[in-house]
Amino acid sequence: MSSPDLPLAAPQTAHPAPSAGSHESSGKNQRVRRLTGRDRLVVVLMVAIPTVVVVGLIWLPAIASVLLSFTDWNGVGSLADAKVIGLQNYTDVFTIYPPFKPAVEHNLLWLVVMFVVATPLGILFAVLIDKELKGSRFYQTALYLPVVLSLALIGFIWQLMYSRDQGLINAVLGTQVDFYGDPRWNIWAALFATCWRQVGYVMLLYLAGLKGVDASLKEAAQMDGANQVQTFFRIVFPVMRPINIIVLVITVIESLRAFDLVWIINQGRNGLELLATLVTANIVGEASRIGFGSALATIMLLISLVFISIYLTVVMREDER
Amino acid sequence: MNRPSTESEYLAGLVPASAGRHGFSRRSMLRGSLLAAGLPALLAACGDGGGSGGGGGGGGEVTLGSNFSDEVPLKTMNAMVAAAEEQQDISVKLNTIDHTTFQNNINNYLQGSPDDVFSWFAGYRMQFFAAQGLASDISDIWETIGSDYTEAFKKASTGEDGKQYFVPTTYGPWAVFYRKSLWQERGYQAPETLDEMKTLATQMQQDGLVPLAFADKEGWPAMGTFDQLNMRLNGYQFHVDLMAGEESWTDPKVKNVFDTWRGLLPLSQSDSLGRTWQEAATGIVNKTSGMMVIGSFISQQFDEADQDDIDFFNFPEIDPAIGADAVEAPIDGFMMSERPRNEDGARELLLYLGSPENGVVQTTNDPSGIAANTESDRSHYTELQKKCADFVANAKSISQFMDRDTRPDFASTVMIPSLQSFIQNPNDIDGLCTQIENQKKSIFTS
């Protein structure tokens, strides 16, 4: 847990590097007094600015969302006009809001496909490219190319492939599949396009990790008679544990963040419902059901908290060792 | 390589040595943090500048926010602004915003620093924002321009409190559009009743055409079909009451609408949920589809040479007791924001927009609309415009459109997904109506 603590740890930077030799023997009090006015200003700013940013941009909006979810505010006029309606929004979400159930299912499906399809494929490509076969640079570039594109753009690109009347796939195969309009197909079409990008991302992370694995480990394994597959799964893969965790976290984050692609396709309706699109559809736009949308956002926050807790537990345990 | 133990260490390891870890002196750090401290102030300053800049500021200038962002409508707006400046001796600053973005941001826009005058839609959709105090009462303007408008237009411009908030400029009717030459070739006749329309559609199917071009990717085009069926089966007043949340969606009358629609689906273009209305209209243009329930704006999809080849007929009668004299014709127009910076100028501009002259400017530049002002000169109208104007003038009642006749939050979060799920699965009408009714109760009581 070093990164979130960074601002708090900043004041201590004065401690380990007492540069002027003559002060080396001075006691604790003196060392504190050694902070000049300018230093103190720096320290204060370094603590204050990130705090203001974090509180103002993350905590306040999050808490406000939770509070708003108990009201029927429609986004117009002062907040004082909003009526507190208790758990009504939540009851509505679970009882009379048909898109909610498919949205949760689709988010889970997204997660599963990312794990089961995109991640293993990414690892496979990383291993293959790491072998530095002929033309591996080309493949590396080709596979990484989609990663630099935004998902919204990917939605547009795949529209050219998927379009029912003008798309490449239907033209080549002579079929008339309505990839984006038919709810039996569109979630898979969207997932395919997402995986297309995610594979490159995972590949890059693993590639970086593979380069860092001590070659002598692999040699030792081969000396002991392990074959390629055994070497990978018994030696290389466990050694890359930190990267595995990062990929795990990224996969979860990407699945919960899934939004841009389906929004571009049909604004997350008709078979492409996701929690994020439901929140947007209710809050952004003419509708402005801020209270109801906030309830959906709060549910999403709770789901994210589960994964964040798991991650923090894992990382903290790692730190303790 | 040391094994990184945290994510940040790992990510730091990805940075090439040449790019990172240059000595970070305390001095440069200080400079950085001072910069960071100054940043919010800087941003705030930018915001201020942007605010007043966007608003235009005094000096007799009127700002006009417009969602007419497509090529033809934008050209029309520019012509209107030029004419208004000349006639009213005001200076107008036109702020064009992308059509969909404008609608999506309307709440923030009106509560932020809106333009003095802005484009909007008539009916409930106007009343909804007027009722929340986001628009100015312009009843005095209506005292001047009112005599040029029919009672139906005045009603569509009046808020729940009986005051006027809206100046109508143009409108376009919804009907069943087709290509004249194709119909002549095949000898088709415009049907008078729904049964005749079904017979015609079956004939078209045999002729290898798609009878009813249909699209609902955007979510709203299907609303038009629902409205037409509802008004033919249950009448205009039921449409109004249903949209206002006063009638129940579980009423057998509503179920009857869906049931009748289900009968039309086999004759409609399949896979409509993946197709935009423009893509469906292409079928009419290319003569692969027979007809389409759509607004007169379909003419935008036709080449100039083909403009005379567009024709339409009224959505046919279903129940003789109800008849077919209710017509759907959404009205576009302008409103004045709550606290205009240049109120006098804004009123001048609105007076111009409601004048017969503006009607001429608009309908000449964009032949897909018809002037709302009855005094507006119509001698330059195309065949289609003339027919549209007569069509609406002869209608007994004029509805707007589902998303203009009801609350915006109900239309977009409940009706769009519901109609799409009906198109996908037309068999569970009872379940669908119950779902809509439950959500309607929750939204309309809030």
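The values are calculated or read from the model by the stated rules, or taken from the named source; none is laboratory data. Everything numeric here is computed off the predicted structure, so don't read it as measured data. Please note: Cβ atoms are built from the backbone with ideal geometry, for glycine as well, and neighbour counts cover all protein chains shown. Accessible surface is based on the protein model in full, side chains and every heavy atom, while ligands, DNA and RNA are left aside. Shrake-Rupley method; radii C 1.70, N 1.55, O 1.52, S 1.80 Å.
For the segment B:101-113, counting C-beta atoms of other chains within 10 Å of every residue's C-beta and taking the mean gives 3. Note on residue A:134: lysines with a C-alpha under 29 Å away, same-chain residues under 8 apart excluded, are A:211, A:218. Roughly what angle does helix B:429-445 make with the longest principal axis of chain B, taking Cα atoms, 0 to 90 degrees, to the nearest 10? Approximately 50 degrees, to the nearest ten. Reducing the range B:70-104 and the range A:262-321 to their Cα centroids gives an inter-centroid distance of 39 Å. Estimated from helical segments only, the mean residue ellipticity of the protein assembly as shown at 222 nm is -16500 deg cm²/dmol, where each DSSP H run of four or more residues counts as -39500 (n - 2.57). Volume of the convex hull of the range B:280-427 (Cα atoms only), normalised per residue: 176 Å³. Projecting the Cα atoms of A:142, B:212, B:438 onto the dipole axis of the protein assembly as shown, where Lys and Arg carry +1 and Asp and Glu carry -1 at the beta carbon, places A:142 farthest toward the positive end. For the peptide A:267-273, the mean number of other protein chain Cβ atoms found within 10 angstrom of a residue's Cβ is 5. Against the empirical 2.2 N^0.38 Å (N residues), the protein assembly as shown has a Cα radius of gyration ratio of 1.15.
Distance from the Cα centroid of the range A:117-134 to that of the range A:34-94 is 43 Å (rounded to whole angstrom).
Legend: mean number of C-beta atoms from other chains within 10 angstrom of residue C-beta atoms, peptide B:412-424, equals 5.
For a test of the definition: using alpha carbon positions, the gyration tensor, and the 1.5 limit on a/c, classify the range B:75-166 as rounded, prolate or oblate.
Cα axes put the range B:75-166 in the oblate bin.
Going down the table (B:163/B:255; A:83/B:253; A:101/B:198; B:180/B:255; A:83/B:396; B:155/B:440), which pairs top 30 Å between alpha carbons? Checking Cα-Cα distances, B:163/B:255; A:83/B:253; A:101/B:198; B:180/B:255; A:83/B:396 exceed 30 Å. Heavy-atom accessible area with a 1.4 Å probe sorts B:66, B:270, largest first, into B:270, B:66.
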